[in-house]
4 protein chains.
Amino acid sequence: MVSAADAPTQGRRIRLGMVGGGEGAFIGAVHRIAARLDDQYELVAGALSSTPERSRHSGAALGLDPARAYPDFAAMAVAEAARPDGIEAVSIVTPNHMHFAAASAFLQAGIHVICDKPMTTTLAEARDLAAQVGQSGKIFCLTHNYTGYPMVRHARAMVAAGEIGQVRVVQVEYAQDWLTTRLESTGQKQADWRTDPARAGGGGSIGDIGTHAYNLAAFVTGLACEALCADLHRFVEGRRVDDNAHILLRYAGGARGMLWSSQVAPGNENALKLRVYGDKGGLEWAQEHPNQLRFAPFGEAPRVIARSAPGAGPAAARVSRIPSGHPEGYLEAFATLYTEAAHAIRAAREGKPPLPEVLFPTVADGVAGVAFIDAALRSSAAGATWVAPAA
Amino acid sequence: MVSAADAPTQGRRIRLGMVGGGEGAFIGAVHRIAARLDDQYELVAGALSSTPERSRHSGAALGLDPARAYPDFAAMAVAEAARPDGIEAVSIVTPNHMHFAAASAFLQAGIHVICDKPMTTTLAEARDLAAQVGQSGKIFCLTHNYTGYPMVRHARAMVAAGEIGQVRVVQVEYAQDWLTTRLESTGQKQADWRTDPARAGGGGSIGDIGTHAYNLAAFVTGLACEALCADLHRFVEGRRVDDNAHILLRYAGGARGMLWSSQVAPGNENALKLRVYGDKGGLEWAQEHPNQLRFAPFGEAPRVIARSAPGAGPAAARVSRIPSGHPEGYLEAFATLYTEAAHAIRAAREGKPPLPEVLFPTVADGVAGVAFIDAALRSSAAGATWVAPAA
Amino acid sequence: MVSAADAPTQGRRIRLGMVGGGEGAFIGAVHRIAARLDDQYELVAGALSSTPERSRHSGAALGLDPARAYPDFAAMAVAEAARPDGIEAVSIVTPNHMHFAAASAFLQAGIHVICDKPMTTTLAEARDLAAQVGQSGKIFCLTHNYTGYPMVRHARAMVAAGEIGQVRVVQVEYAQDWLTTRLESTGQKQADWRTDPARAGGGGSIGDIGTHAYNLAAFVTGLACEALCADLHRFVEGRRVDDNAHILLRYAGGARGMLWSSQVAPGNENALKLRVYGDKGGLEWAQEHPNQLRFAPFGEAPRVIARSAPGAGPAAARVSRIPSGHPEGYLEAFATLYTEAAHAIRAAREGKPPLPEVLFPTVADGVAGVAFIDAALRSSAAGATWVAPAA
Amino acid sequence: MVSAADAPTQGRRIRLGMVGGGEGAFIGAVHRIAARLDDQYELVAGALSSTPERSRHSGAALGLDPARAYPDFAAMAVAEAARPDGIEAVSIVTPNHMHFAAASAFLQAGIHVICDKPMTTTLAEARDLAAQVGQSGKIFCLTHNYTGYPMVRHARAMVAAGEIGQVRVVQVEYAQDWLTTRLESTGQKQADWRTDPARAGGGGSIGDIGTHAYNLAAFVTGLACEALCADLHRFVEGRRVDDNAHILLRYAGGARGMLWSSQVAPGNENALKLRVYGDKGGLEWAQEHPNQLRFAPFGEAPRVIARSAPGAGPAAARVSRIPSGHPEGYLEAFATLYTEAAHAIRAAREGKPPLPEVLFPTVADGVAGVAFIDAALRSSAAGATWVAPAA
């Protein structure tokens, strides 16, 4: 069961650097645990904070060689590329507005990139980055981490296998409550940058969490969105970005969907939920109880398929670490993306494509996510009318 | 606890007639149980089926006096009005297209009306009926039965008391799966008329269940919808009405909402759910587990308030029959509307208005429901654009 | 769907009397609603309270003919037996210590008996009553009302059909919290008699709710208990009966079980739960969400079978009134026992046995329940040692 | 939030060895992930399998220095103690019968021990080991890993703070289904040794999982068991140990409990559940959804306290890594024990006791667990009579 996760020495660990994620950042530590969990990476370099001094301090706190605790990502890309033991991959976990420049720098230095979402703050940058990735031949993994959950993998496999028939209806939502009040005015660091259009991009809830929901629906159903109608709203006085988004979706092939993202829904912690209905059955999954997938074949009693339990197929088993009833969570799903990227990076070392079962969001998914935000902003600005996400 | 429900003899039972609800009808039997449960009514007359012979046969099956098993509602209204022991109230439980004529006939005969939803199949009829009710001075109760659930009453009371602050977001949905296939082509009676625009009205899922969802949201929040954008769809080939509806809502005062109704969502039996979020807290309720209400005051641990249990206030207690942990269900909620109507009818006997705590959907709610269907059809026909429900 | 429940006129309504259940009694009103719900009975006589005056008053409140609001049950049995329109059946809903004498009086008067549980306060009385029922040829229905739930019926049918294989383990529990404090010292009427050995019998929680749990396990599994080891305890100072019972069970055929009853478990309202495990599968049911039954065939994904939904077989359908997703609750389950008794009474009118699918707890179940209480008290008095319930 | 977990460099990583856990072992990989997750340890040596050749092979698979992939634990203890860079701590993850000798060897070599449960297969060994630990002054951490869950920590803190008042009733259970059939006869490695008294000890389900349940109840309530009455059973033909245990418990101070362990309960994956009821409130926790704790203060609506969310106090926050709604699971809880042991080991380096908030099961808990198994076996052998666990 655990062997897949517990096998670092299909070769030595991958040398990893990190941009962002210094002291006070929530997501940096998550990335580090994720990189460590399956023992596929060792963190050896970083440009962890936004000032040279804080970067050094953060590097020291993590036990980095002081020579590799860089003042900024540009210096790091150059220096690491020049080292014989330089990093092979970099994690970019800064606020959104810095993703593009950092990713570009490392791709140009011939270093694989693992990048947080949303990929960029503009569609132009997203397309530019996609072109750079194509030219570089490097691996680019976007951490839409929810696609790492085993039962999400199984849901995707079930849809692909036709087990719910043709998809008709997609209900996806991602609700939180931490921005119910104007937290950004208190100096809370996460709230501060995530509600600042200059750093987060134009989207508030849609950028921070709506993109996850949009990506999850696409990942599971395989469907492309053709048009959307978005009613974005800022409920909290003085906030500069949306904190609630109500979006209608039309998919290629005729499926219809609804997407709700909110950061002002009291009682919701991190309530990402996906429901997909086809002409033969329905699937329901909720991130807060991620080890179960509800499957209702039309005309039969619904069943609850659990991770590592009967009914969970190979796509889930491949990314499960422990037996059923032993819950895996957010960090494991995040780690799975890191491990998937590691599989791809190892294959790249050998000049091969990754095996077909290796799955992680790519730069194309990143472009789609930024196009979604762009379309939602355009739609809402026009009074919530129908627009097509850019191809 | 049970005394309120168990007290018929605040006066004798109310003499009740029924239009529709003969053999093979699902909802007729539900109305009869609902009328009987709290011992407020006795069924003494009916025009139960669509042909004289079947009406007689259905009347006999229910033990009605053959003289009062009428061939049609018109004859019944006239004859009952002329009897000294004639019916005081009538239940209209026919397909939708007959509600208007039947309700008119009984109002004109001076008989109180309890009528199924949606109230009429056109907005013009709905307005006409509202005028008739006003002129008649008779009680008109529309059976949006979900408003009879104790925890729905409590949710309404909590919103009114400001316990969740100003309402910002309304998420309401009503999903079923029984029309996943083209059941109407098999001769199934319920599917047959409910998907026939001539009998059901132009709305499919929005008329049959979407109106319940719309009404429930209005009942709990007290908010009026100012505009909606509806994407209605027919997924089943050959179907004549929508079987899925995705609707964005904008409420007076700034709240935003989403409404989803579907009859093609496998694994959903009768999944009416309401979630309301304000600036101080959130409420969540699901019809299939109706005895619990989840209340999340912002910044505190969510609590589960159960019917008849600590935290359930007087609005719920008034319409609860048994102690907590003893589940009440659909029939009890339906019975509560009948009993509320009985309270109003008894008050009307004495020339008084009903007490303020007596709550049931009125003809105004019926107009609002038909205006909702009308607006959704107009919006969808225009490509899912924003329209205002008629006032 | 509703036709079975909604068919009173397989003959006229059964004339019913009631002993106990006057003002202030919780369970009397429940019995009256249960008798009324399916329209099988009309309540025409009563000895409703413990004093003649209060009996008259309670009778008036329920609209009884004053001549049939009797001062006591003995007078009622004699008088009703002498009337041509006398009651055919009586409901006995008094505190436990009066069940025996009242049931005897009506059986001797040739009147069918519906009696609350536990059947008597001594084993000798229970056996005597069983003999009387046998000699009388009258119907005796004990209201172990939880056996009326459709999914309990389905669970029983599944076990009988071998769908979980040979039963190995039975986990049954019934937890409440209303006696967490010494409520009986406040004058609360329910607490007062239910903790008084003179009126309740020697058992506290085991008599009031433990017998329900014990009966439910037997009803579903069909197994007889051969031995038990009971650790009864009174946690509340000054209480005269047990308020918590921990019991080990050994069943004929080798199954083992655990039974927990408690009235001092805060957060439990009326938490009756049954879990049964065989060598091929497991079943789980909880009274507070009674419309679902969890079925886990060994080696397959568990499924949730819902009332009136796919997978719920004929034993459940027979006693269901409405479609799936429309919850039925406690009152409906209670009503089902009344309707089952009505089927048996109508059959008896014609000198026939009831049809085999008609199920209700009988006097034999009543003896078993009292033998359980007796054995639990003996076991606990001996320091929680193994004893055999009397045959 | 993540800082506590993400701070290896309160000093360098602790050098760790492992005994057992080679290829095919489930729990070895779990321990390695747990040791790695918070970056407190580096695995540098092992005696991983039961033969020298397989040990070497397993060591190579994990990337160990071949010189430190020892043929057996005795050689490893001696050699590592002699190295300047020798291991500081060892994880013992073998079948139970080898715990004692291995732990003794490392303690005598002056190496801290992290050991799987149950601690030993006999009570004599358990006591002997306790004495050795006392004499050695080394840290001994027994991996009752469920005590690492944040909400278990919070439950313990709530009980200690009196938030549920005096504990009255403890209901604890641990149900699985993987031994429903005679899996051990198929050669499945886990089933093979866990049902072999020579390797597992005399207890089957009680040793493998019952001890976890027993320990969890003690950890949360702080209560000592004074007497128990155990009905152990083997349902599967040919099995050599119990596969189901029904146990009554009496605690010091008057609380009563029930413990159920089963490995033949179809539909149960790893269903460890604890419910504790006091005179002021109740607590309920289930391992399969470990991020929530239900708290029912008597007379108030129950609340659901979530990890990292409002209401979860410092004892939970100290061992939480990520925000609420981001589920942590089994591996994180396991990692917490490793990190707690690391805190203690670092304190020991400095000659200090660990801080009072550092919590992990000790050798005393190990003795209590073995005494529980011993008492349960004695009780059951005597026909399920009351016995006192050895002090």
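The values are calculated or read from the model by the stated rules, or taken from the named source; none is laboratory data. The shown structure was predicted, so the numbers you read here are calculated from the model rather than taken from an experiment. Cβ sites come from the backbone with ideal geometry, for glycine too, and all protein chains shown count toward neighbours. Surface areas here come from the heavy atoms of the whole protein model, side chains and all, with no ligands, DNA or RNA. Shrake-Rupley method; radii C 1.70, N 1.55, O 1.52, S 1.80 Å.
Take the residue pairs B:Lys138/B:Lys273; A:Lys117/A:Lys189; A:Lys273/B:Lys117; B:Lys189/B:Lys273; C:Lys138/C:Lys352 and return only those whose Cα atoms are more than 22 Å apart.
Numbers: B:Lys138/B:Lys273 32 Å; A:Lys117/A:Lys189 18 Å; A:Lys273/B:Lys117 32 Å; B:Lys189/B:Lys273 27 Å; C:Lys138/C:Lys352 12 Å.
Those over the limit are B:Lys138/B:Lys273; A:Lys273/B:Lys117; B:Lys189/B:Lys273.
Could you give each residue of the stretch B:230-247 its phi-based ³J(HN,Hα) in whole Hz, using Karplus coefficients 6.51, -1.76, 1.60 with θ = phi - 60°, and x for Gly or Pro?
Whole-Hz 3J(HN,Hα) from phi for the stretch B:230-247: 10, 10, 8, 8, 10, 8, 8, 3, x, 5, 9, 9, 4, 10, 8, 9, 10, 9.
For chain B, set up a Gaussian network in which alpha carbons nearer than 10 Å are linked by springs, and say which option among B:Ala335, B:Ala271, B:Ala230 fluctuates the most.
B:Ala271
With a bin width of 5 angstrom, please list the P(r) values of the stretch A:237-351 as percents of all Cα-Cα pairs, from the 0 bin to the one holding the largest distance.
Taking all Cα pairs of the stretch A:237-351, the binned fractions are 2, 9, 13, 16, 16, 16, 15, 8, 4, 2, 0 percent.
Based on the Kirkwood radius over alpha-carbon pairs, what value in µm²/s does the Stokes-Einstein equation return for the translational diffusion coefficient of the stretch D:1-156 at 4 °C and 1.567 mPa s?
Details: Rh = 16.0 Å.
Answer, rounded: 81 µm²/s.
Show that you can apply the helix-only estimate: for chain B, add -39,500 (n - 2.57) for every DSSP H stretch of four or more residues, divide by all residues, and state [θ] at 222 nm to the nearest 500.
-10000 deg cm²/dmol
Springs between alpha-carbon pairs under 10 angstrom, Gaussian network model over chain D: which of D:Ala198, D:Ala224, D:Ala103 fluctuates most?
D:Ala198
Skipping prolines and chain starts, which residues have an amide H placed within reach, meaning under 5 Å, of the one on D:Leu272, given they are 5 or more residues away or on another chain?
D:Ala175, D:Gln287, D:Glu288
Give me the percent of Cα-Cα pairs in the stretch C:50-130 that sit more than 19 Å apart, rounded to a whole number.
Here the tail beyond 19 Å accounts for 38 percent of pairs.
Please list, ordered by chain and number, the residues whose modelled amide H lies under 5 Å from the amide H of C:Gly282; skip anything fewer than 5 residues away on the same chain.
Sorted by chain and number, the residues that satisfy this are C:Ala296, C:Phe298.
What relative contact order, as a whole-number percentage, does chain B give when Cα pairs under 8 Å and 6 or more residues apart are counted? Can you show the working numbers first?
Values: 910 pairs, mean separation 77.7, N = 391.
With pairs under 8 Å counted, the relative contact order is 20 percent.
How large is the accessible surface per residue of the stretch B:216-334, computed with a 1.4 Å probe and reported in Å² as a whole number?
Dividing the accessible area of the stretch B:216-334 by its residue count gives 25 Å².
Per the 1.4 Å probe, what fraction of the accessible area of chain D, in percent, lies on carbon and sulfur atoms?
Here carbon and sulfur together make up 55 percent of the probe-accessible area.
Give the ranking of A:Val367, B:Val264 by solvent-accessible surface, highest area first, calculated with a 1.4 Å probe.
Ranked list, largest accessible area first: A:Val367, B:Val264.
When a/c is below 1.5 the answer is rounded, else prolate if a/b is larger than b/c, else oblate, so apply that to the stretch C:176-223 with a ≥ b ≥ c taken from the square roots of the Cα gyration tensor eigenvalues.
Numbers: a/c = 3.95, a/b = 2.24, b/c = 1.76.
Judged from the Cα gyration tensor, the stretch C:176-223 comes out prolate (a/c at least 1.5, a/b above b/c).
If you take every DSSP beta bridge whose two residues both sit in the stretch A:123-256, what share of them, in percent to the nearest 5, is antiparallel? Don't skip to the answer; put the middle values down first.
On the way: 9 of 10 bridges.
Among the beta bridges of the stretch A:123-256, antiparallel pairing accounts for roughly 90 percent.
In a GNM of chain C with a 10 Å cut-off on Cα contacts, which of C:Pro95, C:Pro302, C:Pro118 has the highest mean-square fluctuation?
Of the options given, C:Pro302 has the highest mean-square fluctuation.
If you take the charge dipole of the stretch C:94-171 about its Cα centre, with +1 on Lys and Arg Cβ and -1 on Asp and Glu Cβ, which of C:Ile164, C:Ala124, C:His97 is farthest toward its positive end?
C:Ile164
Across the protein assembly as shown, what fraction of all alpha-carbon pairs, as a whole percent, falls in each successive 20 Å bin from zero upward?
All Cα pairs considered, the percentages come to 9, 34, 36, 18, 4, 0.
By DSSP, what percent of the beta bridges with both residues in the protein assembly as shown are antiparallel, rounded to the nearest 5?
About 60 percent, rounded to the nearest 5.
Beyond 26 Å, what share of the Cα-Cα pairs of the stretch D:167-288 is found? Please give it as a whole percent.
23 percent
How many square angstrom of accessible surface are buried between B and A, both sides summed, with a 1.4 Å probe and rounding to 100?
3600 Å²
Run through the DSSP bridge list for chain B and note the antiparallel percent, rounded to the nearest 5.
60 percent
What is the mean projected area of the alpha carbon convex hull for chain B, to one decimal in square nanometres?
18.6 nm²
Over the alpha-carbon set of the stretch D:95-210, work out the extent along each principal axis and list the three values in angstrom, largest first.
Its Cα atoms span 47, 43, 23 Å along the three principal axes.
Give me the 1.4 Å probe accessible area per residue for the stretch C:65-173, excluding ligands and nucleic acids, in Å².
On a per-residue basis, the stretch C:65-173 sits at 31 Å².
Taking amide H atoms as placed 1.01 Å from N in the peptide plane, list the residues 5 or more away in sequence, or in a different chain, whose amide H sits under 5 Å from that of D:Val19.
Close amide H contacts, sequence-distant or interchain: D:Ala47, D:Ser91, D:Ile92, D:Val93.
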